[in-house]
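Reviewing the structure listed below.
Read-outs throughout are calculated quantities, based only on the coordinates presented, and are distinct from any laboratory measurement. Since the model is a prediction, treat every value here as computed from it, not as a measurement. All Cβ positions, glycine included, derive from the backbone under ideal geometry; neighbour counts span all protein chains shown.
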Amino acid sequence: MDLIARVRNWALARPRVLLVDAPGATTLRWSVEAELDRRGWPCAVSPADTDLLVVLGEPGPELAEAVDVLWSQVPEPRRRVEVQGTGDVAVALDQGRAALVRPAESGTKEDGRPSPASLLSNDEDEDAHDEGMGHAGHEGMDHGGGGHEGMDHGGGGHEGMDHGGGGHEGMDHGGGGHEGMDHGGGGHEGMDHGGGGHEGMDHGGGGHEGMDHGGGGHEGMDHGMHHGGEVAGLPMAMTGPDRDGLELDVLKVALGPVLPGWPTGLVLRAELQGDVLTSAELTWLDAGILPAAQQQSDSQGAALDRLARFLDVAGWPTAARDARRARDGVAEGADRDEAQRLAKAVARRVSRSRTLAWTAGGIGRRGSGGDALDRVRRWCDMASGQPVEDLPAMSLDEVAALVEGAEVGSARLLVASLDLSPVSAVSAPEHLHA
Amino acid sequence: MTAELVLQIVLTVAAGLIGVGLFGALSQQTIVMVMMGLELVLNGVLLAGGAAWYFLAPELPDAQVLVVVALVVMAVEMAMGFAVTVAFYRARQLDMIDMASDLRG
Amino acid sequence: MLSDLSGWAITAVAVLGVLSVAAGVAVFVVDSMARATFALLASFLAVAGILLALDLVYLAVVTALMMTIEMAIMAVFMIMFMMNPAGLMPMTMVHNAKGSAVTGAGAFVVLVVGIWTIDWPTRDTSRPADSTRQLGEAIMGSHMLVMLVIGIGLFATILAGTVLATARGRYDRFGPRLDSQRPDDPVSGGLRR
Amino acid sequence: MPEQTLAEAWGLAPAVLGVVGLGLVLGLVVAVVDRVVVFGASGAAVEPIRSSARLLVEQRRTTLAADRLLWRIGCVAVPTLALLSLAVVPVAGRTLWSTSADLVWFNAMEALLWAAVWLVGWGPNAVHALTGGYRFLAQGLAYELPLMFALITAGLAAGSLRTTDVVAAQEGLWFVVTMPVAFVIFVASAAAFAFWGPFAAPAAADIAGGVTSELSGVDRLLVEAGRAVFLGASAAMAAALFLGGDSGPWLPGPLWHLLKTLAVVAALVWVGRRMPVLRPDRTVEVGWMVLVPLTLLQALVVAVLVLNGFYA
């Protein structure tokens, strides 16, 4: 037993951490990231990859709900850590890891939170669930058909998650994604129940918008889709026009509110065809009760942070790491010259990279002036301490217009290249860094 | 076991593949599924060609060449099938054979 | 010549044969498109395994190679076009099932009768040391016409397939006078922007 | 059939175990080198083993309405195929099993890997994973042909599809001298098939890990190990096909091969980690429009040299 405990301790010595920074917790995130870098703890990119879920600051109700969903997707062993202030970062992380290593305590009940067992249980459990629902002819479950679960990590509202089985309506109710998903395994195989709105999904990026027979979310009717006729009492897939002139199936997705390098709390709702986003719509969670924007005191640090997050999305880990280190050095002020040198080096490296220009150039040019790359280069200038011109602010609607018709990857780069913070949902100022 | 018996077993398998493939090609409504049926038939041809080479005439390359031809036919069938399906779908939003009965001449 | 095919090889051939037919049946039984496609791939791989046991290394490996690529592409197409990609709605999309079954079974019976009644001329002939070399020398030598026709046929297929499948021609990309500097594509590729 | 295979020389089970062990070592080497470049040197040798252990204690993730059968098949197939592709790489002058079409075998394993990764993306029934699967299909399709032509070019010069023959044909001159384009494209395509480094778009952070986004526990370990092993196997193959395999002075042959493999891995990681992930819509066009003609041209040059008796 002792040996097992030791192996466990050794194996989990560097847990992977998923950071969720509530609005206003930016500087807190910086210090946590610096601490993680010191410890060599890697950052997770998806809940399945996570050991420690670290929530920074105080999320609003909608974001808290999203974090709960996220938490439900984290496999055991797992631990959730909440960090409120800069002071106790190291302590909280240590406690989190210590709890993670202890096997007995990593049960799902510890938080008193209803944990969707079917997501986390092992295969046997899931099978039991399937059978437990007792729907005859419920084959589809096992054939991997139905609901697109986990479409977005921490996908906001998780609506339509009925454990019962009957009608659950699609997306138009609040939160992000996870439509067609029910933990009990019931509802989304709607054909058996004939109940409420049912949005079954199909894989091909095709949104089987199963129209409900009972009422409920008549989504998709207004997309001018065609009905393929009815089969087994259920209408067939809805399709939508796409840029290639093929009317293929569409899938409704919600990106956000928690993704790597993504402004936490931002939710992008769109229809996905293949990997092309259409009908994009951007919203902030907790839009009504957002705290006053934290004025970034240190524009150079802020630029480096944004640069690091963009580089995360662009998949350039070494440059992102250097940008973070430079940011921390600038913020802490312990070794300013060194930090400045690093900041200049990384800024030069990024702004002069021809591969980055080749791969990320030309995204989002349609809107106001420059493309994503120009904005990133502007940050590089800011990061190396040069004065830059102010950019006009960009509202969420403008961003959504840019995202329209982009692939998921381009959309991610585009959003990462913008300075979106929750306050811009109301007044839309881009911070003036001079 | 004699060579003839093994040959007959392998050929029976090939015949099974051809039979299943024929059923699929004739019964399925979706174009792509019809193509899968045809692929199965050709799969049987592959197998029969290989068995013929091994058991009947290994000194001649003809059976091997036949298998190569069958493979190429498969590739062509797939490519053209998908091209036709895409064109068809683009024009009419359908992918089922029965919906195109007006093409009957 | 039977010494070539050991007991193990015969067993492998029998098992793989059953597997290939079972996978072939599964293609039309499973609900999910992805599963149907990969069942077909399993059938191909089983046949490739038999070919491997029959000393046809190159053909076996090429079958696996080509069919894998085909099936991966097929899976995508299937999911694109089928309203029932993943068994969400179990439904049968067949017509004339009975007639088809009779035809299929009939073809099978006729073939089997033929197979088991013909007196196959199995001879103890010399086996080439390298079946791959035999094939290569054939299609580059005595059977070169086959290779030529195959080459032309594949090239024609590439052209015809592209023409059929795309809705955009050069006038869409470069403007009515073909004088546009940059092609007007939905997504700019890596070469021209 | 001049030389023995490893299976004949050592017995089947020891040979298979040996090759599997070698594959795991190569995978570990790739992971360690990668880690040294990305995170610096501290404890790099231990870290991949530690994260493997971490994944072993982790629970496997199940998602709703997953196509569990295909998902698990895909997860298991990825490392299996990576190891199978190692079966035709010469180790100490012998391959685990020798066919008359080794190069095509390697290529076929790659193609199967392609399908397996798509299954990993399809299986969990989640949008990010599926997007990753699509990306991998597009990427694999565009890099399949350049890789095939690069392999064939080496076979062309050696006049054989057998890897041991290819190594033997390089006694006078390493093939990399006359076919540098094929060498570079082979290594780059191998990285594309292992969706590693600049070709990691199918598993990139912008889609939350893509095909790997829903993997945890053993499943993730299998897929990640498969990627690393495949990259290691490809490096060993590149060393054998283009860098003369185990030829070299003073040191024993296998050590030379290992050193060359390490050099290829180091160069690949060093170059690959200097750039961001390349988006597939950019790389795919390069694959079709540049790399395919380039490899064909390379094959043409080599064919002319062969006819001139250059390699004889």
inquiry  = In whole Hz and in residue order, list the ³J(HN,Hα) couplings for the stretch D:8-16 that follow from phi through the Karplus curve 6.51 cos²θ - 1.76 cosθ + 1.60, θ = phi - 60°; x for Gly and Pro.
reply    = 6, 6, 9, x, 5, 4, x, 5, 4
inquiry  = Contact order normalised by length for the stretch D:124-232, with contacts defined as Cα pairs under 8 Å and 6 or more residues apart; what percent is it?
reply    = 39
request  = Provide the convex hull volume over Cα atoms per residue for the stretch A:2-105, in Å³.
outcome  = 93
message = In 10 Å bins starting at zero, report the fraction of Cα pairs in the stretch B:3-103 per bin as a rounded %.
response = 16, 36, 27, 14, 6, 0
Values of log10 I(q)/I(0), in the order q = 0.09, 0.12, 0.13, 0.14 Å⁻¹, for the stretch D:6-307 under a Debye, Cα-only, solvent-free model = -0.42, -0.75, -0.89, -1.03
request  = Starting from the Cα of A:Leu3, step 7 Å along the direction of its Cβ; do the same at C:Ala22; then give the gap between the two resulting points in nm.
outcome  = 3.9
task = Would you give the gap between the C-alpha center of the stretch D:247-307 and the C-alpha center of the stretch A:86-102, rounded to a whole Å?
result = 45
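Working from the pairwise distances between different alpha carbons, so that the mean of 1/r is found and then inverted, what is chain C's Kirkwood radius in Å?
21.5
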ask   = To the nearest Å, what is the center-to-center distance of the stretch C:133-162 and the stretch A:270-284, using C-alpha atoms only?
value = 45
query = What is the Cα coordinate range of the stretch D:1-149 on the first, second and third principal axes, sorted by size from largest, in whole angstrom?
reply = 53, 38, 29
message = Debye calculation, C-alpha points only, no solvent: report log10 I(q)/I(0) for the stretch C:130-184 at q = 0.26, 0.27, 0.28 Å⁻¹, in the same order as the q values.
response = -0.94, -0.96, -0.97
